[in-house]
Each structure stands twice: as C-alpha cells, then as structure tokens.
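J.: First the structure, which I've put down as structure tokens, then a few questions once you've had a look.
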Amino acid sequence: MENHTPFVLAGIGIYKNNQWTTSKRKVFIGVILVYVILLLGFRYRVGMDTIGYMKSFDKARDLAHFWTLRIFRERHEPGYLFVCAICKSISKEFWVLQLVMASITNSCIFIFLYRYCRNVFVGIIIFFILQWLYFSTEIMREGVAIGIFLLNYKNIEDRKWIRFYLLSLVSVSFHYSAIIIWLFPFVKYLKFNIWYVLICIGILAITPVIIKIGEILSFETITDRIDKYVGKNFNYNLNWKIGEFIKAAFPAIIALAVGRFFKIHQYFKSILLLQILLCIGAFAIPIIFSRFANYSSIFVTVSFANILCIKYLKPWLKTILVCMLLTTQSYYYYKMYPAWVPYVSIFDQKYIRERELLWRSYFT
C-alpha cells in the first residue's frame, strides 16, 4: 500500500517507548491499531483474495436465513459465514465485513505482540513487514483464526487445556487449517537434534499419506479441499517452493542462528523449529503446509523483534539483520505489488486494471 502512516507511527513508538508510561504506550498502540483497522476496513478491491471474498459475499445469507445444517456443506467455514450473516443483516456493503474481520485479526495480534515483545512497536513493524497485508487482505478467514489462536496461546502457558481446546474450536470454525493448533501443546518437545533432522527428511516423503487421508475423511468440504490442494501441486514448481521457503523459513533460521551464536534465551525456540519444519513440509504439499506455517509465523515475528531490542548487539549488526529480513520478503512483495498498490478506498472506488487481470489469471 502507498500509505506509510502505520510504519511512521510505529517508528515514533519505537523512539518514544522508553519515555512513555504504560498508559501512554497503550493509548498510542490503540491509535496505530485504529488507523490500521480503518485503512484495511475501508479498502476497495485491494488484495487478490479480497476480490474473491467480495464476490462470495454477494451470495451470503443474512441472519434470518442462516440457521440451517447446510452451512456445513458450504465452501466457507461456519464461523466465517456467521460473521457474514451478521454483517449482511447490518448492511449489504462488503466493507462492513472487512472492518469486522480486520478488527478481530489485528486486535488479537496487537495484544499478542504487547504481551511478548520487549518493545511492542518493534514487533508491530516486523509484523507489518512479514504478515500484515497477507493476513488481512488475502487470508481473511485464516487471519481471524490465527488471531484468536494467539489470544488462546496463554491457555497453553497456563496449562488450561479444556479452555484451550474449546476456544480452539472458534479458530477452526473460521478456517479448517486451524486444526494444526491442537498440536501446539506438544511443540515444547521439539529440539534441534538427530530426531528433528530425521523428521524433516521424513516430512518430504509424506505426500501419499496426505492423499490417502483426503480419500478417507468423512467431511466432504475438507476432503474436497485437500483433493484440490493436492491436485494443484503441479502449479507450485521448485522455484515457487524455494521462494516460499526463503520467505517463511529464513526469518526463523536467522533468529535461531543469532540466538545460538550470541547465547540469547529464546522463549519461542521450539515454535521457531516448528516453523522451519512446516516450511520443509511445504516442499511436499505446498498449499497445506504453507497454511499451517501461518500459525507459527507470528512467533517468529516476536522472536526477531526481541533480538533487535537486545542492547548489547551492535547497531551495525541489527541493521544487517533488518536488511536480511527485508531481502527474504523482497520477491514476495515484487510478485504481490500489483495486488496492494495503489491503495483504493471505498470513498473513491475505482478498478485497477492490472489488479483485475492478475486476479483473473490466478482464479479463473
């Protein structure tokens, strides 16, 4: 997007963070959050998936016609369809749904960053670089599922398992890929050793197993989706897989390498290992494992941000780390640039020809 205001505001927050009281810091975080929500909520046909969501929203039912078992056979998950029904009962305009979805996703993520980042504003900027536009303009349903999971993560820390698994169903109701979070309580057992290496190798050979699972699953919508994803594997050539690995796995690898070299305690070390594991899995089944990796990616954001906040690391080293981070994302932004730039708002609606042609090439 052409609007750089969120980055400027977060930059001011980084500079002023140590000078502010807790209440002032929270107010300024709130200012950034509200600005981000409004910017995303009032966008018009910005994002490849957003265009598709706009088309499906036209067919969505309102609350009066929502309550039917048919919702479990719809293409989209029931949680998302319920939010659609609420929004459609309020207005037929799609921006209302955008506003609600952006509010849930970004509010949950900002709270998570506030809880775990040494300087929350550094975390916000890294989030802007790594996930912001992707979560809110492309994977809207999954973005909400991830946000709810991040709030739910505290239940894992507090070992409140019933509460965690009950709340996890809310995430699953927005996107079925959220079933991966059921494994997060066991991630703490992941260590970088010979077994971890063997698991990485083994994941590359599980494609036939995933296909078999797709054949025996009883939930029609999930089965169809897995079949579709597996069938589309030919679209994801080696170049795409390498590019995706660099984009999603390298930030975690860099964070782990720096932590090991400088003997930095990393609270989310096991989840960084999971991120790499899932990215390796994307070589076998790209679309499924790249989806799963989204749920661990914010932990990479927090870890990277906390490294940049360590005082004894030299400024030149931090500069190199930021440059490396930007480099890992460069090809993705080059490819997705037309999907997000120029920014168009609902107050000045216009079609961007290149964006529309790009959407047709991807989805029709």
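J.: Applying 1/(1 + (r/R0)^6) with R0 = 45 Å to the Cβ-Cβ distance of His76 and Lys311, what FRET efficiency is obtained, to the nearest 0.05?
T.: Once the sixth-power term is evaluated, E becomes 0.45.
J.: Subtract the Cα-Cα distance of Lys350 and Lys263 from 0.36 nm times their separation in residues, and report this length gain in nm to one decimal.
T.: So the chain would gain 26.1 nm between Lys350 and Lys263.
J.: Here's a follow-up. For the chain, what is the convex hull (Cα atoms) projected area averaged across all directions, in square nanometres?
T.: That works out to 19.1 nm².
J.: Suppose R0 equals 35 Å; then what is the FRET efficiency for His4 and Trp182 from their Cβ-Cβ distance, rounded to the nearest 0.05?
T.: 0.35
J.: If the only charges are +1 at each Lys and Arg Cβ and -1 at each Asp and Glu Cβ, what is the size of the charge dipole of the stretch 234-364 around the Cα centre, to the nearest 20 debye?
T.: 340
J.: Please work out the ratio of the alpha-carbon Rg of the stretch 28-117 to 2.2 N^0.38 Å and round it to two decimals.
T.: 1.20
J.: Using a 1.4 Å probe and counting only protein heavy atoms, arrange Tyr134, Tyr35 so the residue with the most accessible area comes first.
T.: Ranked list, largest accessible area first: Tyr35, Tyr134.
J.: Give the long-range amide H neighbours of Ser345: residues separated by 5 or more places, or on another chain, with amide H under 5 Å away, using H modelled in the peptide plane at 1.01 Å from N.
T.: Tyr44
J.: Mind checking the dipole of the chain: about its Cα centre, +1 per Lys or Arg Cβ, -1 per Asp or Glu Cβ, Debye to the nearest 20?
T.: With Lys and Arg at +1 and Asp and Glu at -1, about 900 debye.
J.: Okay, next question. Given the DSSP H assignment, sum -39500 (n - 2.57) over each helix run of at least 4 residues in the chain and divide by its residue total; what's the result at 222 nm in deg cm²/dmol, nearest 500?
T.: That calculation yields -22500 deg cm²/dmol at 222 nm.
The values are calculated or read from the model by the stated rules, or taken from the named source; none is laboratory data. Given the structure is predicted, the values throughout are model-derived calculations rather than measurements. No Cβ is skipped: glycine too gets one built from the backbone with ideal geometry, and neighbour counts run over all protein chains shown. What goes into the accessible areas is simple: the full protein's heavy atoms, side chains included, and nothing from ligands, DNA or RNA. Shrake-Rupley method; radii C 1.70, N 1.55, O 1.52, S 1.80 Å.
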